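Remarks on the structure that follows.
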Amino acid sequence: MDSNMVCWLELFLLFVLGCVVIVKVRWLGLRESVRHPRTILKILLLMIMGGEALGLLFGGTTHYSRALRPLFLLDNKHLRGLRRFAREVLQCVPPIIDMLVLLFFLIFLFALIGHFLFGRDPIDPFFMTLEDSFVNLFVLLTTANFPDVMMEAYHRNMANALFFAIYLSLLLYFFMNLVLGVVYENFCSVEKQKLRKLVAHKREASEKAYNLLLSRANEHGVIFRHFCGMLLLKDPIRSLRDNYLLFKALDHSGDGYLNKEEFVRFFEYNTLKWTPILSQPEPAKIKRRLKHLLSSPYSEIGFSRPIISYLNCFQKLYDLNIPCLQMGLLLGMGFVC
């Protein structure tokens, strides 16, 4: 394919991504978009890639921004967990930098001591200069040059081995484990803080949704009709049965309304899955549930009036204790979480 055609194709795809960013900025607002780091980073990447693509059209040769294309993969709903993990790793960088600065300071301190102790020996090539001392002690953290780095000093005086023993015990076995512990503790604290913020945001969103769903006719709580309308906007493919069961699971008081304390637990119950009961309930329980279903104020939402009239006939036939009708009424009655 011609290089100019490739550049035009790249510009077209960048234009599509730019339209997505514009829609996102209009949705969030300019003030919130400026405070959103991922949106700012995406705009900068689009500007750099677009500038390089235009430069190639006019005779340019460099195209280093292609290495940044995988970053766009993080900005989608399927890699939400990976994006959160990468963000938490970046948030743990400051304490890691502090520990690395302390580590290099300790290596430099031991390198200075080793240079003055062993640098006078012309046979020992590991501590002749301060730079050689620092590099060899840094490699000693990986034990790649052990015990070669200490053999000349040990051959001259056996007590010199104490310097290397203190260095390895302090930095390799103690300080490196300390760095690992600090990184793990900071990562866990960032994860907990993110979880707290997520729970707080969900509760705040639930409270705002509760205030919007209240009506003048039902000021004491949210009725099922309004609750079902919200679920139709959130998850249109959810069945009416699941919506009703979710409402009943949240309605601990059983009064047909959801107060604020019950409604704010919506995100906790929203992930529940429902399966039919395999065991057959008692006939008295079936009759009670059928009467409750027919007299429920929500029956008009889930069933049309002809179906309700048929169910009333079935209830009268049920009173005659017809066995085959009992088995028919068992279907779809009673779901558990």
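The values are calculated or read from the model by the stated rules, or taken from the named source; none is laboratory data. Remember, predicted model here, so these are calculated numbers, not experimental data. Cβ coordinates were reconstructed from backbone atoms using ideal geometry, including for glycine residues, and neighbour counts include every protein chain displayed. Just the protein is used for accessible areas: all its heavy atoms, side chains included, with ligands, DNA and RNA removed. Shrake-Rupley method; radii C 1.70, N 1.55, O 1.52, S 1.80 Å.
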How much net charge surrounds TYR244 when only other residues with a Cβ under 12 Å from its Cβ are counted (Lys, Arg +1; Asp, Glu -1)? +2
Count charges around VAL199 for me, please; just the other residues with Cβ under 14 Å from its Cβ, Lys/Arg as +1, Asp/Glu as -1. +3
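Using a simple charge model, +1 on the beta-carbon of Lys and Arg, -1 on the beta-carbon of Asp and Glu, nothing else, what dipole does the stretch 136-211 show about its Cα centre, in debye to the nearest 20?
580
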State to the nearest 20 debye the size of the charge dipole of the stretch 1-157 about its Cα centre, where the only charges are +1 on K and R beta carbons and -1 on D and E beta carbons. 1300
The stretch 200-242 - Rg (one decimal) and Dmax (whole number), Cα, Å: 11.4, 30
Most positive-pole-ward Cα, LEU214, PHE104, THR129, against dipole of the stretch 79-220 from beta carbon charges: LEU214
Compare the Cα positions of ASN157, ASN243, LEU170 along the charge dipole of the stretch 142-273 (+1 at Cβ of Lys, Arg; -1 at Cβ of Asp, Glu; about the Cα centre) and return the one farthest towards the positive end. ASN243
Putting +1 on Lys and Arg Cβ atoms and -1 on Asp and Glu Cβ atoms, find which of GLY29, ALA53, ALA67 reaches farthest to the positive end of the dipole of the stretch 5-77. GLY29
Karplus-derived HN-Hα couplings along the stretch 93-106 (A = 6.51, B = -1.76, C = 1.60, θ = phi - 60°), whole Hz, x at Gly and Pro: 5, x, x, 5, 5, 4, 5, 5, 4, 5, 5, 5, 5, 5
Which whole-Hz couplings ³J(HN,Hα) result when phi for each residue of the stretch 257-264 is put into the Karplus expression 6.51 cos²θ - 1.76 cosθ + 1.60, θ = phi - 60°, listed in order with x for Gly and Pro? 10, 10, 7, 5, 5, 7, 6, 5
Need one value: the accessible area of THR275 in square angstrom, 1.4 angstrom probe, rounded to the nearest 10. 80
The alpha-carbon center of the stretch 68-137 and that of the stretch 193-264 are separated, in whole Å, by 51
What are the ³J(HN,Hα) couplings of the stretch 241-252, residue after residue, when phi is run through the Karplus curve with 6.51, -1.76, 1.60 and θ = phi - 60°? Round to Hz, x for glycine and proline. 4, 5, 5, 5, 5, 5, 4, 5, 5, 6, 7, 5
Using protein chains only and a probe of 1.4 angstrom, how many square angstrom of TYR244 are accessible, to the nearest 10? 60
Round to the nearest 10 and report in Å² the accessible area of ARG203, as given by a 1.4 Å probe over the protein chains' heavy atoms. 100
A 1.4 Å probe over the protein heavy atoms gives the stretch 196-263 a carbon and sulfur accessible-area percentage of 56
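Which pairs in the list LYS24/LYS192; LYS77/LYS202; LYS197/LYS273; LYS192/LYS248; LYS24/LYS77; LYS42/LYS197 are over 22 Å apart, alpha-carbon to alpha-carbon?
LYS24/LYS192; LYS197/LYS273; LYS192/LYS248; LYS42/LYS197
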Please report, in cubic angstrom per residue, the volume enclosed by the convex hull of the alpha-carbon atoms of the stretch 50-201. 180
Give me the mean projected area, in nm² to one decimal, of the convex hull enclosing the Cα positions of the stretch 216-266. 3.5
What aspartates and glutamates could a cross-link reach from LYS234, if we take a straight Cα to Cα line under 19 Å and drop same-chain neighbours fewer than 8 places away? GLU204, GLU207, ASP242, GLU262, GLU268
